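Engineer: Just dropping this structure here.
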Amino acid sequence: MLNKLIAALLPYFPKNFIWLFSKKYIAGENIEQAMEVAKDLNKKGMLTTIDILGEFITDLAEAEVNKHDYLNVIEVAEKNGIKGNYSVKPTMFGLLLDEEVCYQHIREIVKKASQHNNFVRIDMEDSPCTDMEIKLYRRIKAEFPTSVGLVLQSYMRRTYQDIVDMLDMHSPEASNNYRLCKGIYVEPKEVAFKKFDEVNQHYLEDLELMFQKNIYVGIATHDKALVEGAYALIKKYNVPKDRFEFQMLLGVTPELRQSIVNDGYRLRVYVPFGVNWFGYSTRRLKENPKMATQIIKGLFFRG
């Protein structure tokens with residue numbers, strides 16, 4: 001209870017205070033810092049997905065700026081030889097303001113990545129965005145079939161059916177490509193499973209369906225039980241190592257992350273950066289309230 005109370009209050013503290021918590025999870029505020037983190041992860045045998053922080057803009061002029069920032073990130077990352085791809089949040093490009101403008105911006109980013117034989121992942125946001133983001137994925141995949149993917153969330157009641165419904169786009173030559181995560185947004189019980197065990201059960205059911213249909217999947221979890229469940233499904237279906245990868249957030253469960261790499265599996269780390277780190281950080285804090293107590297201890301009880 002105390003952890004949750006502290007976590008709820010910390011977002012109202014000064015940003016330099018929150019940075020004490022955030023710096024573990026953020027690659028930095030600028031592109032140079034992001035490149036250094038990405039290079040270090042590559043040296044450790046891990047791939048990356050680079051993300052500029054920001055979402056839910058209120059002015060389409062911001063979307064234009066964000067697009068050019070992403071085009072520059074791709075250019076810089078490719079010049080630096082980074083082994084990784086890119087993630088985008090559609091609301092950062094005006095999804096809730098103008099769907100067509102958002103599509104044009106993300107299409108241009110995917111086109112840029114495809115010219116480098118690379119890939120862009122469309123993040124899934126809260127439930128009002130789900131249909132629009134699936135539509136966006138369908139539209140871009142039709143033009144760039146191997147250069148774009150989508151995030152799906154196992155806590156959403158609709159996800160299993162969404163996987164089935166999108167099989168019409170799937171083929172051996174142009175596999176559907178998903179990142180499967182639990183989900184982080186606060187949703188009503190009518191649209192999302194709430195119980196921990198229930199979410200985990202549906203995670204493994206969704207993952208099994210993807211393996212059955214030979215869909216490429218990024219297994220995005222820090223839950224050891226889900227990692228072990230994924231291992232069992234990989235063995236059950238004899239899934240080739242080039243048909244899946246594990247994915248984790250920067251700064252989270254490094255020991256589990258390293259164990260997956262040591263087991264010989266492909267692993268990708270989410271590398272977020274940018275000046276809009278505050279919202280991302282406070283969301284991470286709400287997901288893991290125990291971190292709040294660690295911050296307080298680190299600040300006031302130095303040994």
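Taken together, the values in this text are just the output of simple stated rules run on the coordinates, not laboratory data. On a predicted model such as this, the values are computed, not experimentally measured, just so you know. Counting neighbours? That spans all protein chains shown, and the Cβs are built from the backbone with ideal geometry, glycine included.
Engineer: Defining a contact as two alpha carbons under 8 Å apart and six or more residues distant in sequence, what relative contact order in percent does the chain show?
Structural biologist: Normalised by residue count, the contact order of the chain is 26 percent.
Engineer: Can you tell me the length gained on complete extension of the stretch Glu29 to Glu78, counting 0.36 nm per residue apart and subtracting the Cα distance? Before the final figure, lay out the partial values.
Structural biologist: Working: separation 49, 0.36 × 49 = 17.64 nm, distance 1.94 nm.
Between Glu29 and Glu78, full extension yields an extra 15.7 nm.
Engineer: Nearest 5 percent is fine: what portion of the DSSP beta bridges confined to the chain is antiparallel? Could you put the intermediate results ahead of the total?
Structural biologist: Numbers: 1 of 32 bridges.
Around 5 percent of the beta bridges assigned by DSSP in the chain are antiparallel ones.
Engineer: Roughly how many nanometres apart are two label points built 7 Å out from the Cα toward the Cβ at Tyr185 and Glu36?
Structural biologist: For Tyr185 paired with Glu36, the spin-label model returns 3.5 nm.
Engineer: Further question on the same structure: Would you pull out the residues with amide H under 5 Å of Thr49's amide H, same chain only if 5 or more places away, H placed 1.01 Å from N?
Structural biologist: Asn85, Val269, Tyr270, Val271
Engineer: Would you pull out the residues with amide H under 5 Å of Arg121's amide H, same chain only if 5 or more places away, H placed 1.01 Å from N?
Structural biologist: Excluding prolines and chain starts, which carry no amide H, the hits are Tyr86, Ser87, Val88, Gly149.
Engineer: Check Gln247: other-chain or 5+ apart residues with amide H under 5 Å from its amide H, H built from backbone geometry?
Structural biologist: Amide H neighbours of Gln247, under 5 Å, 5+ apart: Ile219, Ala220, Thr221, Arg268.
Engineer: At 20 °C and 1.002 mPa s, grab the translational diffusion coefficient of the chain from Stokes-Einstein with a Kirkwood Rh over Cα pairs, rounded to a whole number in µm² per second.
Structural biologist: On the way: Rh = 19.9 Å.
D = 108 µm²/s.
Engineer: Where does the charge balance sit around Tyr237 when Lys and Arg score +1, Asp and Glu -1, over other residues with C-beta under 11 Å from its C-beta?
Structural biologist: Once all neighbours under 11 Å are counted, the net charge is +3.
Engineer: Which whole-Hz couplings ³J(HN,Hα) result when phi for each residue of segment 22-31 is put into the Karplus expression 6.51 cos²θ - 1.76 cosθ + 1.60, θ = phi - 60°, listed in order with x for Gly and Pro?
Structural biologist: 6, 4, 6, 10, 10, 6, x, 8, 10, 5
Engineer: Okay, moving on. Please list, or write none, the lysines whose alpha carbon is within less than 24 Å of the alpha carbon of Lys112, excluding same-chain residues fewer than 8 places away.
Structural biologist: Lys39, Lys67, Lys79, Lys83, Lys89, Lys135, Lys141
Engineer: Continuing with the same structure: With θ taken as phi - 60° and the coefficients 6.51, -1.76 and 1.60, list the Karplus ³J(HN,Hα) couplings across segment 152-158 in order, rounded to whole Hz; mark glycine and proline as x.
Structural biologist: Karplus values, whole Hz, x for Gly and Pro: 10, 10, 6, 7, 6, 4, 8.
Engineer: Moving on. I'd like the FRET efficiency for Lys195 and Thr58, computed as 1/(1 + (r/R0)^6) with the beta carbon distance as r and R0 of 45 Å, rounded to 0.05. Mind showing how you got there, number by number?
Structural biologist: On the way: r = 35 Å, r/R0 = 0.78.
Using R0 = 45 Å, I get an efficiency of 0.80.
Engineer: Under unit Cβ charges (Lys, Arg +1; Asp, Glu -1), what dipole magnitude, rounded to 20 debye, does the chain have relative to its Cα centre?
Structural biologist: Numbers: 41 positive and 40 negative charges, 248 e Å.
For the chain, the charge dipole is close to 1200 debye.
Engineer: What list of ³J(HN,Hα) couplings, whole Hz, do you get for segment 172-189 from phi and the Karplus terms 6.51, -1.76, 1.60, once you set θ to phi - 60° and write x for glycine and proline?
Structural biologist: For segment 172-189, the Karplus curve yields x, 7, 9, 4, 4, 9, 10, 9, 9, 10, 6, x, 10, 7, 6, 10, x, 5 Hz.
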